[in-house]
Amino acid sequence: MSPVHILLALLVPAVWGLGFALAKLGMDQFPPFLIMSMRFAISALVLVWFVKPPWGHMRMIFLIAMVSATIQYGFTFYGLRSLDASTAVIVVQLEAPFLALLGAVFLKERLGWKKVSGMVLAFGGVGLIAGEPRLDGSLLYVGMVCAGALTWAIGQLMIRQLKEVSGLAMLAWVSVFAAPQMFVASMLVESGQLQAISQASIEQWGIVLYLGLIMTAIGYLAWYTLVKSVPFSSIAPFLLLTPVTTLCFGYFVIGDVFTVAMAAGSAMVLAGIAITTIQRRTALPLASD
């Protein structure tokens with residue numbers, strides 16, 4: 001990896017980790033679906049001009065947006081709103097084991113003992129975190145984040161069916177479809193949108209701008225740049241820094257509590273993810289197809 005590639009590989013988890021923590025703060029003002037609809041609207045406005053419309057695939061991309069963005073973020077961010085960012089970001093890491101498991105079930109991909117042991121370790125770590133006394137009464141929200149991770153994995157299987165659509169084009173047009181979907185969902189299940197928008201501070205609008213422009217548009221652009229030029233086996237370990245950066249930002253920015261059980265569970269999850277995802281041979285993540 002060149003110095004530029006290493007810099008990008010460090011930038012991505014830092015940008016995503018801070019974004020996850022800021023999203024928690026943003027939902028103090030904006031309902032989850034509303035803030036996500038604004039996030040993807042910004043991303044769409046920035047990215048859609050740089051890619052050709054994938055004509056012939058619009059219906060499938062609409063469905064992908066519904067599953068991998070609207071439904072997935074609905075589960076994840078409604079769970080995040082009632083949990084601390086540190087807990088939620090570790091649970092979100094179950095995306096990789098879920099993806100490996102679904103790949104084995106539906107695509108007949110071979111798991112092997114290494115991936116199976118990694119999945120068991122990761123799920124065990126989440127179980128350890130969920131069993132903390134401080135999370136009594138919050139298991140529903142932990143379950144929602146787990147459901148979000150599973151839904152994300154389902155979305156990636158759908159994306160795999162459109163290999164002829166580039167990652168950047170997929171991100172741009174998923175954003176185009178996800179923004180109005182989430183806005184409609186907000187109108188159906190949330191309230192107080194006009195009040196939230198009219199009373200938002202400059203700092204809160206800054207969070208929305210960060211989520212749409214920096215976390216989504218720039219963050220994923222950097223990620224797809226790496227995927228196109230660097231073996232995935234080389235950059236996959238850097239993704240393990242995302243929960244680490246979220247834990248740090250959560251602790252220092254929003255005052256999350258980090259306990260011994262949280263540390264042990266986090267270590268188990270990250271070790272399990274590393275075992276599940278890091279391979280010697282080059283393999284591209286489904287999200288980049």
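No lab work stands behind these numbers, since they all come straight from the coordinates. What you see is a predicted model, and the numbers here were worked out from it, not measured in a lab. Methodologically, a virtual Cβ is constructed for each residue, glycine included, from the backbone with ideal geometry; neighbour enumeration extends over all protein chains shown.
Near Val105, within a Cβ-to-Cβ distance under 15 Å, what is the net charge of the other residues, with Lys and Arg +1 and Asp and Glu -1? All intermediate terms of the calculation are to be shown ahead of the outcome.
Details: positive: Lys108, Arg110, Lys115, Arg160; negative: Glu109.
Around Val105, the charge tally is +3.
Please return the longest stretch of the chain lacking exposed loop sites, where trypsin sites (Lys or Arg not before Pro) count only if DSSP places them in a loop and at most 15 other Cβ atoms lie within 10 Å. Within the chain, the longest run free of exposed trypsin sites (Lys or Arg not before Pro) spans 164-279.
Inter-part distance, the stretch 154-193 to the stretch 76-134, computed on C-alpha centroids, equals 22 Å. Which of the helices in the chain meet the span-like rule: DSSP H, Cα axial reach of 18 Å or more, Kyte-Doolittle mean at least -0.5? Answer set is 3-26, 32-47, 112-130, 139-160, 167-189, 260-277.
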